[in-house]
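Worksheet for the structure shown next.
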Amino acid sequence: MARIVGGIACSHVPAIGAALDKGNAGNEYWKPYFDGTIPARDWLAKLNPDVAILIYNDHANALSLQLIPTFLLGTAAEFPVADEGFGPRPVPKVYGHPKLAWHLTESLILDEFDMTIANEMPVDHGLTVPLSVTCGQVAQWPFRVIPLCVNVIQYPPPTGVRCFKLGQAIRRAVEEYPEDLRVVVYGTGGMSHQLQGERAGFVNREFDQEFLDGMVNDPEKLTKISHTQYMRESGSEGIEMVMWLAMRGALGPKVREAYRFYRVPTSNTASGLLCLEPA
Amino acid sequence: MSAPRDYESIPGTYVYDAERGRVGYHLNMFCMSLNDPENRKAFKADQAAYLERFPLTPEQKEAVLKRDWLGMLRVGGNIYYTIKIAFCDGLTFQDVAGMMCSMPREEYAKMMMAGGRSPEGNLFKPDASVENK
């Protein structure tokens, strides 16, 4: 039987990827950030997963406003790295797990989550940056990756409670899968940040700290945060944190916190990194 | 059920909602076209002519040509799309962020280094009525 062995919440700030790709990870600005990611990398390596279900959002690369799926699941055997306007990131190709992905698709749709199915799709920094943060610069990603893309670009994104329930359905689906697989789930994006308008640069440490605590101890409380509350208190783009709740839902009622790291600034963002194990 | 637009009371924020999506679609799809290197070349060669390929309003065209980053948001631009114009111009996200809040580049960078823009005084528009809070 497949089982979920860990959950990772991780910001996907593009500048993190650029710092690694351009060899700037050791400079004065970036070293404190990358030093803070090392324990997460060690933890994940020890966990040794076979597959990751990576919940993220696309940034006008694979998708445009032409078609806006709320939840999309990638069933392909491989996913090319997107060219985001300045050439693809120099990172390994992402290999999927079509058998588990199709099982998830079937199971989730019959469980009333109407997934869009992607048989071909490039993946952008929303997916590759969390992999770089938690796996480092590698010749090949150490596990298969099933992309689960969530709309957070066109308002309204799915609600926090809906994402949390999706996570719970992912857990049920994984546990029904007959093959012995060690699965980790990523929830990416956040934490507080605003990229637009006169309020650009907005950061709310207090909101973020409460959110990190809630992810560990009281996720039900976090599912009550409204969209307006996210946008007002964590910045217009902080609303991405609904994707963290999808990961949290997949971990089950009780978790053990394996690692936590928070840093301001990471480019225009407060970045967070949280490693959880089902308890 | 359509939710009340109670986010209108957030200062300095342009939520890309149904209203903006309805008017901004073609503006953002123009921005998306700049993902293609050939299109970037054509846009740089003759910006006004390139914009004629898209059914934009005069206000949208003007905002693009003037690189009025806030103006673009007001006429339906979505930041994830309009930023593609900035990348095409060789600007960074932080350059554009500074311009949107009328701060010199260095000052904006300094604010981020010091922990970002504080929530204090930045959660509600000054004219937001008490009931809105």
Averaged across B:29-37, how many Cβ atoms of other chains sit within 10 Å of each residue's Cβ atom? 3
Quick check for chain A: number of Lys pairs with alpha-carbon distance under 29 Å, counting only pairs 8 or more apart or on different chains? 16
For every helix of n ≥ 4 consecutive DSSP H residues, a contribution of -39,500 (n - 2.57) applies; sum these over chain A, divide by its total residues, and give [θ] at 222 nm rounded to the nearest 500 deg cm²/dmol. -11000 deg cm²/dmol
So what are the ³J(HN,Hα) numbers for region A:261-274, from phi and the Karplus equation (6.51, -1.76, 1.60; θ = phi - 60°), rounded to whole Hz, Gly and Pro as x? 8, 9, 8, 10, x, 10, 6, 9, 9, 8, 9, x, 9, 9
Find which of A:Ile53, A:Val91, A:Thr116 sits farthest along the positive direction of the dipole of region A:1-151, computed with +1 on the beta-carbon of Lys and Arg, -1 on that of Asp and Glu, about the Cα centre. A:Val91
Sort all Cα-Cα distances of region B:13-91 into consecutive 5 angstrom bins from zero, then give the percent of pairs in each bin up to the one containing the longest distance. 3, 17, 31, 28, 15, 5, 1
Quick one: if you take sqrt(5λ) for each eigenvalue of the C-alpha gyration tensor of region A:1-115, what semi-axes come out, biggest first, whole angstrom? 28, 21, 13
Normalized C-alpha radius of gyration of chain B, against 2.2 N^0.38 Å? 1.19
To the nearest 20 debye, the protein assembly as shown has a Cα-centred charge dipole, built from +1 on Lys and Arg Cβ and -1 on Asp and Glu Cβ, of 360
Normalised by the number of residues in region B:13-91, what is the relative contact order in percent for Cα pairs under 8 Å and 6+ residues apart? 46
Length gained when the stretch A:Lys22-A:Leu47 is fully extended (0.36 nm per residue, less Cα-Cα span): 6.1 nm
Tell me which residues come under 5 Å, amide H to amide H, from A:Thr266 once H is placed; ignore anything under 5 positions away on its chain. A:Ser271
Hey, what do the phi angles of region B:87-103 turn into as Karplus ³J(HN,Hα) couplings, whole Hz, using 6.51/-1.76/1.60 and θ = phi - 60°, x for Gly and Pro? 4, 5, 7, x, 8, 9, 4, 5, 4, 5, 4, x, 5, 5, 10, 6, 10
Using R₀ = 35 Å, calculate the FRET efficiency as 1/(1 + (r/R₀)^6) where r is the Cβ-Cβ separation of A:Ala139 and A:Lys31; round to 0.05. 0.90
By how many degrees, 0 to 90 and rounded to 10, does the Cα axis of helix B:18-33 deviate from the longest principal axis of chain B? 40
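Does region B:69-133 come out rounded, prolate or oblate, given a ≥ b ≥ c as the square roots of the eigenvalues of its C-alpha gyration tensor, rounded meaning a/c under 1.5 and, failing that, prolate meaning a/b above b/c? Mind showing how you got there, number by number?
Working: a/c = 3.00, a/b = 1.37, b/c = 2.19.
Verdict is oblate for region B:69-133.
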Summarise the partner chain shielding of A:268-279 as one whole number: the mean count of Cβ atoms from other chains within 10 Å of each residue's Cβ. 1
I need B:Glu62, B:Glu107, B:Glu38 ordered by Cβ neighbour count within 10 Å, fewest first. B:Glu38, B:Glu107, B:Glu62
Can you pull the three principal axis extents for the Cα set of chain A, in Å, largest first? 47, 41, 41
Averaging sequence separations of C-alpha pairs under 8 Å and six or more residues apart, then dividing by the length of chain B, give the relative contact order as a whole percent. 31
Label point distance in nm, A:Glu106-B:Glu120, each placed 7 Å from Cα along Cα→Cβ: 5.8
log10 I(q)/I(0), Debye, Cα-only region A:89-168, no solvent, q = 0.14, 0.21 Å⁻¹? -0.58, -1.14
Karplus ³J(HN,Hα) for region A:18-33 (6.51 cos²θ - 1.76 cosθ + 1.60, θ = phi - 60°; Hz, whole; x = Gly/Pro) runs 4, 4, 5, 5, 9, x, 9, 5, x, 6, 4, 6, 8, 4, x, 5
Any aspartates and glutamates with Cα under 15 Å of the B:Lys66 Cα? List them, leaving off those in the same chain fewer than 8 positions away. B:Asp46, B:Asp89
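Sort A:Phe86, B:Phe124 so that the residue with the fewest other Cβ atoms within 10 Å of its own Cβ comes first and the one with the most comes last.
With the sparsest Cβ surroundings first, the list reads A:Phe86, B:Phe124.
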Number of partner chain Cβ atoms within 10 Å, mean per residue of A:24-37: 0
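No value in this document is a laboratory result; all are computed from the given coordinates. All values reported here derive from a predicted model rather than from experimental measurement. Please note: Cβ atoms are built from the backbone with ideal geometry, for glycine as well, and neighbour counts cover all protein chains shown.
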